[in-house]
């Protein structure tokens, strides 16, 4: 994991998967790794965003919703007005303006559930999916312009299909960026996910972007 982190800092996107049986300590390993990086000062210029998938089921794009809720400080108890204001402030900090930024803001609001779904009722599902994929990728690209980014996803085997596909799509296009993705999953669950949700992470450290 340390080697992959170093490579990511130098602009080579990396993926690490940590697999094992339930209760074996995958989450603890992840926390200890992050704590060690923090203690050594190596996260000083790095942003860490986290998502934890639930066995109870996830809404579409729940993993990315978790990333951006943490990034912009959007709490579940926030009113729609407060949540939208936080998103607007966060997007402004990333730069960009005009029609593209307005579109990204609407799509991000939709993913986070703070934008009325009626706004997109006339958009074909496949077209909406493409727009969301592009918007999320553009947001990540803008953030990477400000410094390295570490994304963690716990319990990948329970991730919703839209999030899994979007993670794959994003990473396929950001191979030369200072980005690291660390996922945890139960042994055998990743292989099962491959069948039902398309290409997913293989177990162990992947030296490239292989899924």
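Within the set of pairs 6 or more residues apart or between chains, which connect a residue that is at negative phi and without any contact (Cβ under 8 Å) to a residue 24 or more places away in the chain inside the stretch 109-131 to a residue that is surrounded by 10 or more Cβ atoms within 10 Å (Cβ to Cβ) and part of a loop (DSSP other than H, G, I, E, B) with Cβ atoms less than 9 Å apart?
That search, which allows pairs on different chains as well, returns 110/61; 110/116.
Please state which one of 86, 26 is at pLDDT 85 or above, under 30 Å from residue 186 (Cβ atoms) and surrounded by 12 or more Cβ atoms within 10 Å (Cβ to Cβ).
26
Please identify the pairs in which a residue from the stretch 21-36 that is in contact (Cβ under 8 Å) with a residue 60 or more places away in the chain has its Cβ atom under 8 Å from the Cβ atom of a residue that is exposed (fewer than 13 other Cβ atoms within 10 Å of the Cβ) and part of a loop (DSSP other than H, G, I, E, B), counting only partners at least 6 apart or on another chain.
Nothing qualifies.
Considering only residues that are part of a loop (DSSP other than H, G, I, E, B) and surrounded by fewer than 14 Cβ atoms within 10 Å (Cβ to Cβ), look in the stretch 89-107 and name the one that is modelled with the lowest pLDDT.
Filtering first and then ranking leaves 97.
Within the stretch 31-38, can one find any residue that is closer than 20 Å to residue 150 by Cβ, modelled with pLDDT of 90 or more and in contact with a strand residue (DSSP E or B) (Cβ under 6 Å, 6 or more places away or on another chain)?
The answer is no; no qualifying residue exists.
Taking the stretch 59-83, which residues are within 30 Å of residue 186 (Cβ to Cβ) and outside any helix (DSSP H, G or I)?
59, 60, 61, 74, 75, 76
Tell me which of these residue 56 doesn't satisfy, since it passes every other one: (1) assigned to a helix (DSSP H, G or I); (2) farther than 19 Å from residue 170 by Cα.
Tallying (1) assigned to a helix (DSSP H, G or I); (2) farther than 19 Å from residue 170 by Cα, residue 56 fails exactly one: (1).
Within the group 61, 72, 110, which residue is crowded, with 16+ Cβ neighbours inside 10 Å and farther than 25 Å from residue 147 by Cβ?
110
Take the residues in the stretch 153-163 that are over 9 Å from the mean Cα position of the chain (by Cα) and buried (at least 24 other Cβ atoms within 10 Å of the Cβ); name whichever of them is nearest to residue 27 (Cα to Cα).
Per the stated criteria, the residue is 156.
Is it the case, given these coordinates, that residue 50 is closer than 29 Å to residue 110 by Cβ, touching a residue at least 24 places away in the same chain (Cβ under 8 Å) and not in a helix (DSSP H, G or I)?
When the stated conditions are applied, residue 50 passes them.
The values are calculated or read from the model by the stated rules, or taken from the named source; none is laboratory data. As the structure is a computational prediction, the values presented were derived from the model and not from experiment. A quick note on method: Cβ atoms are made from the backbone with ideal geometry, for glycine too, and the neighbour counts reach across all protein chains shown.
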